[in-house]
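Engineer: Shown below is the structure under consideration.
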Amino acid sequence: MSTLPKIEPADATGAAAEVLTEVRKALGSVPNMAKTMANSPALVRGWLALSGALGGGVIPAPVRERLALAAAEYNRCGYCLSAHTFIGSQVAKLDPEEIERARRADSADAHVAALLALSDTIARGRGTVDDTALTTARAAGVTDAEIAEVVGNLALNILTNYFNILADTDNEFPVVAPHEA
């Protein structure tokens with residue numbers, strides 16, 4: 001049971017109603033995370049803005065889904081693991097093996113593996129990385145724009161992971177549990 005109430009679009013008023021309409025327009029539906037985040041319309045707008053901005057960046061959607069899976073696994077967020085496994089398979093068309101590899105911050109594609117490894121290093125180091133991590137990423141062809149966007153995607157995913165863990169958001173996706181530690 002969620003620790004924060006869901007605000008159903010049909011019952012929402014004022015700023016919450018407006019922001020849930022924005023979510024439906026942007027995503028085509030209103031996931032439970034957005035309904036729960038609507039307790040703070042500012043939070044929903046921040047999430048949408050950062051997500052939208054990164055969606056226009058250099059890292060393509062299938063790679064952003066892998067980054068989200070790696071972060072969700074690291075942060076042990078069942079809601080985000082479930083959502084991004086569903087989106088990764090149904091929308092980004094990732095195969096099950098690649099989804100599983102992403103959860104372990106790995107990929108069959110060397111460039112994507114380098115992005116995932118960098119994101120994992122940043123998360124585990126709480127932003128601190130040594131020169132070797134950046135040199136290794138750059139040797140795999142990772143650009144400065146990608147390095148910057150890896151940080152942005154990590155921030156977005158930490159936001160949603162922590163929010164959903166704290167709120168214990170009701171999961172409407174096929175359930176995917178974090179691996180045993």
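Engineer: Report the relative contact order of the range 1-108, percent, no decimals, based on alpha-carbon pairs under 8 angstrom and at least 6 residues apart.
Structural biologist: Dividing the mean separation by the residue count of the range 1-108 yields 20 percent.
Engineer: Suppose we keep just the alpha-carbon trace of the chain; what are its Rg and Dmax in angstrom?
Structural biologist: 16.4, 52
Engineer: In straight Cα distance, which lysines are under 28 Å from K6, not counting same-chain residues fewer than 8 positions off?
Structural biologist: K25, K35
Engineer: Additional query: Grab the beta carbon distance between T143 and K25, set R0 = 30 Å, and tell me the FRET efficiency rounded to 0.05.
Structural biologist: Computed FRET efficiency for T143 and K25: 0.40.
Engineer: Also, quick follow-up: Run the quick spin-label model on F86 and V58: label points 7 Å from Cα toward the beta carbon, then report their separation in nm to one decimal.
Structural biologist: 3.3
Engineer: Can I ask one more? Multiplying the sequence separation of R126 and A110 by 0.36 nm and subtracting their Cα-Cα distance, what value in nm do you get?
Structural biologist: Additional length available on full extension: 3.4 nm.
Engineer: Then there is this: Taking the Cα centre of the chain as origin, sum charge times position over the Cβ atoms of Lys and Arg (+1) and Asp and Glu (-1), and report the length of that vector in debye to the nearest 20.
Structural biologist: 260
Engineer: Translational diffusion coefficient, Stokes-Einstein: compute it for the range 28-94 using the Kirkwood radius over C-alpha pairs as Rh, at 4 °C and 1.567 mPa s, and state it as an integer in µm² s⁻¹.
Structural biologist: D = 101 µm²/s.
Engineer: Further, regarding this structure: For D168, list long-range residues whose amide hydrogen, built 1.01 Å from N in the peptide plane, is under 5 Å from its own amide hydrogen.
Structural biologist: Residues meeting the criterion, in which the H sits 1.01 Å from N, are T3.
Values quoted throughout were computed directly from the atomic coordinates according to the rules given, and no laboratory measurement underlies them. Note that the coordinates shown come from a computational prediction; the quantities given were computed from them, not determined experimentally. Heads up, the Cβs are rebuilt from the backbone with ideal geometry, glycines too, and the neighbour counts pull from every protein chain shown.
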